[in-house]
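Only one structure is covered here, and it is reproduced in the block below.
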Amino acid sequence: MDLGKSVIILSVIFDLCLDSFLVCKVLVIAPLRVAGDTWPAEIKKWDHQKGLSYSMAVGTEKERIDVLKKQLTLHIINRENVD
């Protein structure tokens, strides 16, 4: 369903975080495949998203918490790992 939803949201995140400085961190919660494949691919695909730092919050609970503490703009996690 390549309708451009992810890139629209990424553009809003970019504007809020890196242009307006209104937000410093964003958490994206998505289904496993979308979190693992779609979001990273969309960030790499679009030139205007190159300044967006992101991480995948995967692994054990401690590993996920450690990743979420990093000073990155965008954290992506699948909904099964949200308690």
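Each reported figure results from applying straightforward, stated rules to the coordinates on display, with no laboratory input. Not measured: the values here are computed from a predicted model. Cβ placement follows ideal geometry from the backbone for every residue including glycine, while neighbour counts extend to all protein chains displayed.
Test Thr38 against the stated conditions and say whether it is in contact with a Leu (Cβ under 8 Å, 6 or more places away or on another chain) and among the β-branched types (Val, Ile, Thr).
Working: in contact with a Leu (Cβ under 8 Å, 6 or more places away or on another chain): no; among the β-branched types (Val, Ile, Thr): yes.
No, not satisfied.
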Kindly check whether there is at least one residue in segment 58-70 that is surrounded by 15 or more Cβ atoms within 10 Å (Cβ to Cβ), touching a helix residue (DSSP H, G or I) at 6+ places or on another chain (Cβ under 8 Å) and among the aliphatic types (A, V, I, L, M).
yes
